[in-house]
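*Asks:* Below is one structure. I have some questions about it.
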């Protein structure tokens, strides 16, 4: 009964066009009515408690770090460094896109922002060189969704808060799967683009390469510093966000001198607006999550998945298929907010490592950003490259299948996540 109330109230509110945060609050209210315990005081207290979380402080800092990175010339220099070293190879611009996507993922944690920045920098160059634009756009879109997997990931922070899982461990566990996604894109790109007749960029001499390396060293040190600091316990994920902001500001304003102080206020406002949306979503999700738990919805869902509970691998496979299907209809944030409180009790009951599940769950949601018709990254790259959605999908499919293959591989072999996590920890 409560599972039906949860589903009908949530889908009904979303069907009316309400923002997902308000839909979650209405869903929570409906569950409270179904339980016969209408108490607005508890409801409001849980809403405040949802936003009152120290780990959530990492979100505004990483949001601001991404804004500072793009405005301060860090993104541009990462691309320039890769161009100097591999731009002359056949398919070299695609290799540049993959390298830059992985490095930028370790700075901003935002798929849409990374995709927009890379698309604006590389699509005009790839079009001019004769690359197939839909395929190039598909590659950049698929590279952009690595951002929620590699730390610092806003998605992993949100999951950690909702599921009460160590954000530090989630960050460290996401590194190797994110690199695997990048490797899968590289292999796929080299295969599909091997026969393209494109204009190859001139090979740069060692002097130009060294110059690009010296110019880009400050940009490349940023992700290394964040990940190294987390591994060696220099700072917590929240403190890492502060360090990223300070570093991006100092480098952009005083080293590259591309970030005038008058730009700082608009960047702060943009980061604050993005943070407000995310934190309100989390607060609403924690209200509905608390009521989902008290309404026994997880046990009802677990009863439906009972045939698979004996095999953690099979259960993970079934859950991942469900999330893929849901991801075609819902965006990243709604899927994360709605399914986390429902699935976590089932995962724990089946004996699946919560950190392992969290990384695969976030990866699956990230891939959902490039599955039609809702994927926000698809809309971003279509706007940047000025092609239609149907054209983009023709070029995207090989890369989408490659990332789904990585997800399947991680489901079948959990040690690919857990062993690197043990080493990193």
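The values are calculated or read from the model by the stated rules, or taken from the named source; none is laboratory data. Quick caveat: nothing in here was measured; it's all calculated off a predicted structure. In this analysis, Cβ positions are derived from the backbone assuming ideal geometry, glycine residues included, and neighbour counts consider all displayed protein chains.
*Asks:* Kindly evaluate residue 130 against the criterion of being assigned to a loop (DSSP other than H, G, I, E, B), on the phi > 0 side of the Ramachandran plot and surrounded by 24 or more Cβ atoms within 10 Å (Cβ to Cβ).
*Replies:* When the stated conditions are applied, residue 130 does not pass them.
*Asks:* Among the residues of the range 374-386, which ones are surrounded by fewer than 21 Cβ atoms within 10 Å (Cβ to Cβ) and outside any helix (DSSP H, G or I)?
*Replies:* Scanning the range 374-386 gives 374, 386.
*Asks:* For the range 33-55, what are the residues that are in contact with a helix residue (DSSP H, G or I) (Cβ under 6 Å, 6 or more places away or on another chain) and closer than 21 Å to residue 6 by Cα?
*Replies:* 34, 38, 46, 47, 50
*Asks:* Still on this structure, I have one more. Can you confirm whether residue 61 is under 24 Å from residue 366 (Cβ atoms) and out of contact with any strand residue (DSSP E or B) (no Cβ under 8 Å at 6 or more places or on another chain)?
*Replies:* It is true that residue 61 is under 24 Å from residue 366 (Cβ atoms) and out of contact with any strand residue (DSSP E or B) (no Cβ under 8 Å at 6 or more places or on another chain).
*Asks:* Let me ask something additional. Can you say whether residue 262 is part of a helix (DSSP H, G or I) and surrounded by fewer than 20 Cβ atoms within 10 Å (Cβ to Cβ), as far as the supplied structure shows?
*Replies:* It is true that residue 262 is part of a helix (DSSP H, G or I) and surrounded by fewer than 20 Cβ atoms within 10 Å (Cβ to Cβ).
*Asks:* Now a separate question. Of 308, 249, 254, which residue is modelled with pLDDT of 85 or more, over 20 Å from the mean Cα position of the chain (by Cα), more than 14 Å from residue 62 (Cβ to Cβ) and surrounded by 15 or more Cβ atoms within 10 Å (Cβ to Cβ)?
*Replies:* From the options 308, 249, 254, the qualifying one is 308.
*Asks:* What about residue 58, is it in contact (Cβ under 8 Å) with a residue 60 or more places away in the chain, buried (at least 24 other Cβ atoms within 10 Å of the Cβ), more than 30 Å from residue 276 (Cβ to Cβ) and in contact with a helix residue (DSSP H, G or I) (Cβ under 8 Å, 6 or more places away or on another chain)?
*Replies:* For residue 58, the condition - in contact (Cβ under 8 Å) with a residue 60 or more places away in the chain, buried (at least 24 other Cβ atoms within 10 Å of the Cβ), more than 30 Å from residue 276 (Cβ to Cβ) and in contact with a helix residue (DSSP H, G or I) (Cβ under 8 Å, 6 or more places away or on another chain) - is not met.
*Asks:* Could you list, in sequence order, all residues of the range 85-126 that are modelled with pLDDT under 90 and more than 26 Å from residue 248 (Cβ to Cβ)?
*Replies:* Matches in the range 85-126: 88, 89, 90, 91, 92, 126.
*Asks:* Kindly indicate which of 120, 113 is touching a helix residue (DSSP H, G or I) at 6+ places or on another chain (Cβ under 7 Å) and closer than 28 Å to residue 421 by Cβ.
*Replies:* Being touching a helix residue (DSSP H, G or I) at 6+ places or on another chain (Cβ under 7 Å) and closer than 28 Å to residue 421 by Cβ holds for just one of 120, 113, which is 113.
*Asks:* Of the residues in the range 389-425, how many are at pLDDT 90 or above and part of a loop (DSSP other than H, G, I, E, B)?
*Replies:* Residues meeting the conditions: 2.
*Asks:* Hey, residue 151 hits all of (1) within 26 Å of residue 367 (Cα to Cα); (2) in a helix (DSSP H, G or I); (3) within 21 Å of the chain's Cα centre (by Cα) but one; which does it fall short on?
*Replies:* Condition (2) is where residue 151 drops out.
*Asks:* When you scan the range 354-363, do you find a residue that is more than 22 Å from residue 140 (Cα to Cα) and surrounded by fewer than 21 Cβ atoms within 10 Å (Cβ to Cβ), even just one?
*Replies:* Checked the range 354-363: at least one residue is more than 22 Å from residue 140 (Cα to Cα) and surrounded by fewer than 21 Cβ atoms within 10 Å (Cβ to Cβ).
*Asks:* Scanning the range 179-222 for residues that are free of Cβ contacts under 8 Å to residues at least 24 places away in the same chain and not in a helix (DSSP H, G or I), which turns out farthest from residue 139 (Cα to Cα)?
*Replies:* Checking each candidate, the answer is 205.
*Asks:* For the range 17-30, state whether one or more residues are in contact (Cβ under 8 Å) with a residue 40 or more places away in the chain, on the phi > 0 side of the Ramachandran plot, surrounded by fewer than 23 Cβ atoms within 10 Å (Cβ to Cβ) and touching a helix residue (DSSP H, G or I) at 6+ places or on another chain (Cβ under 8 Å).
*Replies:* No - not one qualifying residue is present in the range 17-30.
*Asks:* Still on this structure: Conditions first: (1) in a loop (DSSP other than H, G, I, E, B); (2) within 21 Å of the chain's Cα centre (by Cα). Residue 88 passes all but one, so which condition is the exception?
*Replies:* (2)
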